[in-house]
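Colleague: Structure below; questions to follow.
The values are calculated or read from the model by the stated rules, or taken from the named source; none is laboratory data. Predicted, not measured: the structure shown is a model, and the values here were computed from it. Here the Cβ positions follow ideal geometry from the backbone for every residue, glycine too, while neighbour counts run over all protein chains shown.
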């Protein structure tokens with residue numbers, strides 16, 4: 001992943017969480033272009049209308065207004081152009097139904113947002129190592 | 001993340017032993033099952049040797065198993081009870097056609113490695129950290 005610096009789309013409604021992801025990326029020297037959508041509808045508009053370059057990775061929150069993460073995933077997986085994008089759920093939802101629904105829609109991982117920023121940094125570092133291991 | 005099991009589809013004994021060796025040295029020890037071909041793997045997923053519970057993770061080299069491996073992954077993706085399995089392709093043979101085919105199946109990771117013990121150890125260290133971070 002490092003060589004090509006693939007685009008990443010963060011779908012997240014909470015501005016503090018968006019800021020935390022940006023800070024964690026910066027502290028982990030993740031230089032990939034990061035685009036942000038505030039909910040599922042906004043993300044679909046950005047992807048379908050090519051407002052942003054097609055990302056290889058989506059980091060997806062579950063609980064969002066207008067269209068939640070699972071609804072977004074269902075629609076995304078039905079669209080030829082979007083269905084193969086790697087999706088990593090990052091959420092506070094510990095509900096089994098959300099985990100089951102997400103894995104049935106073939107997310108690459110379901111990550112619970114850690115409560116402290118230090119632990120969040122560690123999670124992002126783990127993700128970075130995993131992304132660097134994989135070809136996309 | 002708790003206990004989880006892995007099904008490894010691999011026909012090289014030394015690689016199976018190396019992977020078993022890696023987990024025997026680690027605190028988190030997932031249950032590792034291995035199948036030497038896709039027929040045995042399917043039997044362990046849905047046949048006479050069906051594993052209970054179903055493994056959360058499947059590791060396969062589609063460049064060794066070729067069409068049968070891709071067929072197995074397609075069948076898994078279309079099976080209601082198996083479609084949520086996290087699939088990781090680990091391979092030392094970069095065949096772009098197979099890579100393109102499996103990336104369309106929403107695998108969790110396509111990982112090139114030389115299978116040399118040091119590189120394999122690093123690969124599984126990263127994967128182990130990732131598996132311990134995600135929820136199932």
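Colleague: Among the candidates A:62, A:52, which residue alone is more than 9 Å from chain B (Cβ to nearest Cβ), in contact with a helix residue (DSSP H, G or I) (Cβ under 9 Å, 6 or more places away or on another chain) and more than 14 Å from residue B:135 (Cβ to Cβ)?
Modeller: A:52
Colleague: Quick one: which of A:89, A:124 is more than 7 Å from chain B (Cβ to nearest Cβ), more than 17 Å from residue A:62 (Cβ to Cβ) and either within 16 Å of the chain's Cα centre (by Cα) or without any contact (Cβ under 8 Å) to a residue 60 or more places away in the chain (or both)?
Modeller: On inspection, the qualifying residue turns out to be A:124.
Colleague: Would you check which residues across region B:75-98 are without any contact (Cβ under 8 Å) to a residue 12 or more places away in the chain, in contact with a helix residue (DSSP H, G or I) (Cβ under 9 Å, 6 or more places away or on another chain) and surrounded by fewer than 17 Cβ atoms within 10 Å (Cβ to Cβ) and list them?
Modeller: B:80, B:83
Colleague: Looking at (1) buried (at least 19 other Cβ atoms within 10 Å of the Cβ); (2) within 13 Å of the chain's Cα centre (by Cα); (3) closer than 27 Å to residue B:88 by Cα, which is the only condition residue A:7 fails?
Modeller: All conditions pass for residue A:7, except number (1).
Colleague: Which of the residues that make up region B:121-136 are touching a strand residue (DSSP E or B) at 6+ places or on another chain (Cβ under 8 Å), over 13 Å from residue A:122 (Cβ atoms), in a helix (DSSP H, G or I) and at the interface with another protein chain (Cβ under 7 Å from one of its Cβ atoms)?
Modeller: So in region B:121-136, the residues touching a strand residue (DSSP E or B) at 6+ places or on another chain (Cβ under 8 Å) come out as B:123, B:127, B:130-131, B:133-136.
Pick out the ones that are also over 13 Å from residue A:122 (Cβ atoms) and you get B:123, B:127, B:131, B:134-136.
From what's left, in a helix (DSSP H, G or I): B:123, B:127, B:131.
The one that is touching a strand residue (DSSP E or B) at 6+ places or on another chain (Cβ under 8 Å), over 13 Å from residue A:122 (Cβ atoms), in a helix (DSSP H, G or I) and at the interface with another protein chain (Cβ under 7 Å from one of its Cβ atoms): B:123.
Colleague: Name the pairs whose Cβ atoms lie under 6 Å apart, with the first residue in region A:99-121 and facing chain B (nearest Cβ under 8 Å) and free of Cβ contacts under 8 Å to residues at least 60 places away in the same chain, the second assigned to a helix (DSSP H, G or I) and crowded, with 17+ Cβ neighbours inside 10 Å, and 6 or more positions between them or separate chains?
Modeller: Short answer, once both residue conditions are applied: A:110/A:99; A:110/A:102.
Colleague: So residue A:114 clears everything in (1) more than 24 Å from residue B:90 (Cβ to Cβ); (2) at pLDDT 95 or above; (3) out of contact with any strand residue (DSSP E or B) (no Cβ under 6 Å at 6 or more places or on another chain); (4) surrounded by fewer than 19 Cβ atoms within 10 Å (Cβ to Cβ) except one condition, right? Which one?
Modeller: (2)
Colleague: Then there's this: I'd like the residue in region A:127-136 that is crowded, with 21+ Cβ neighbours inside 10 Å and in contact with a helix residue (DSSP H, G or I) (Cβ under 8 Å, 6 or more places away or on another chain) and, out of all such residues, is farthest from the other protein chains (Cβ to nearest Cβ).
Modeller: The extreme case among them is A:127.
Here's the yes/no breakdown for (1) surrounded by fewer than 21 Cβ atoms within 10 Å (Cβ to Cβ); (2) out of contact with any strand residue (DSSP E or B) (no Cβ under 6 Å at 6 or more places or on another chain); (3) at pLDDT 95 or above:
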{"position": "A:59", "(1), (2), (3)": "no, no, yes"}
{"position": "A:73", "(1), (2), (3)": "no, yes, yes"}
{"position": "A:97", "(1), (2), (3)": "yes, yes, yes"}
{"position": "A:103", "(1), (2), (3)": "no, yes, yes"}
{"position": "A:125", "(1), (2), (3)": "yes, yes, yes"}
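Colleague: Ok, one more. Restricting attention to region B:52-69, and to residues there that are part of a loop (DSSP other than H, G, I, E, B) and under 15 Å from the mean Cα position of the chain (by Cα), which single residue is farthest from residue A:135 (Cα to Cα)?
Modeller: Within region B:52-69, the subset part of a loop (DSSP other than H, G, I, E, B) is B:52-56, B:61.
Add one more test, that the residue is under 15 Å from the mean Cα position of the chain (by Cα), and what stays is B:54-56, B:61.
Numbers: B:54: 27, B:55: 24, B:56: 21, B:61: 14 Å.
Filtering first and then ranking leaves B:54.
Colleague: Give the residue that is farthest from the other protein chains (Cβ to nearest Cβ), with candidates limited to residues of region B:70-108 that are farther than 19 Å from residue A:134 by Cα and in a helix (DSSP H, G or I).
Modeller: Across region B:70-108, the extreme among qualifying residues is B:71.
Colleague: As an exercise: evaluate residue A:72 against (1) touching a residue at least 60 places away in the same chain (Cβ under 8 Å); (2) closer than 20 Å to residue A:127 by Cα and give the number of the one condition it does not meet.
Modeller: (2)
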